[in-house]
């Protein structure tokens with residue numbers, strides 16, 4: 001059995017997720033901006049604040065945060081200290097270092113996934129609600145689990161990518177530019 005159909009399916013799902021996450025980040029940023037502007041106008045200009053708007057803004061902000069974390073994990077764009085690259089000259093050694101970094105990232109994400117899942121399950125079980133609008137807190141707390149789940153998947157994918165490159169590394173010919 002060929003792996004090509006499986007890889008094509010994963011690629012299609014990944015593209016759909018990427019477009020969906022991008023759309024939700026833009027929509028969330030727009031919503032958050034609008035709610036803050038509306039609340040400032042209502043509170044300071046018209047002296048009539050709208051109850052619950054800050055709570056809604058916080059809910060949107062926390063989801064944007066975790067969607068952004070997923071997106072930056074997927075695209076390998078987290079803030080990083082690449083001091084080692086100054087001292088490590090070999091290309092293969094740099095790739096191996098990236099694989100090690102993604103191994104540590106995967107372990108961290110697995111730990112985050114476990115704890116966010118445990119906390120989300122506990123919050124869901126308590127039926128706890130927010131203080132203002134009385135929305136179920138699982139809506140905001142669930143963003144942690146959602147983010148941890150996809151960050152774990154993308155950390156695993158990045159680890160596999162860098163490990164495969166490190167294992168299959170071939171030194172480029174001197175006359176051929178990459």
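The table for this structure:
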| quantity | calculated |
| --- | --- |
| Identity of the residue in segment 164-178, in a loop (DSSP other than H, G, I, E, B) and surrounded by 10 or more Cβ atoms within 10 Å (Cβ to Cβ), that ends up modelled with the highest pLDDT | 169 |
| First in segment 11-26 and under 15 Å from residue 151 (Cβ atoms), second anywhere and modelled with pLDDT under 95 and surrounded by 12 or more Cβ atoms within 10 Å (Cβ to Cβ), Cβ under 6 Å, 6 or more apart | 21/71 |
| Residue match in segment 102-123 (condition: assigned to a helix (DSSP H, G or I), touching a residue at least 60 places away in the same chain (Cβ under 8 Å) and farther than 30 Å from residue 50 by Cα) | yes |
| Members of segment 48-74 that are part of a loop (DSSP other than H, G, I, E, B), touching a helix residue (DSSP H, G or I) at 6+ places or on another chain (Cβ under 8 Å) and in contact (Cβ under 8 Å) with a residue 12 or more places away in the chain | 50 |
| Per-region count, segment 131-159, residues part of a loop (DSSP other than H, G, I, E, B) and in contact with a strand residue (DSSP E or B) (Cβ under 8 Å, 6 or more places away or on another chain) | 2 |
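Table: residues versus (1) at pLDDT 95 or above; (2) not in a loop (DSSP other than H, G, I, E, B).
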residue	(1), (2)
17	no, yes
26	yes, yes
30	yes, yes
76	no, no
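The values are calculated or read from the model by the stated rules, or taken from the named source; none is laboratory data. Just so we're clear, the structure is a prediction, and the values are computed from it rather than from any experiment. All Cβ positions, even for glycine, are placed from backbone atoms using ideal geometry, and neighbour counts span all protein chains on display.
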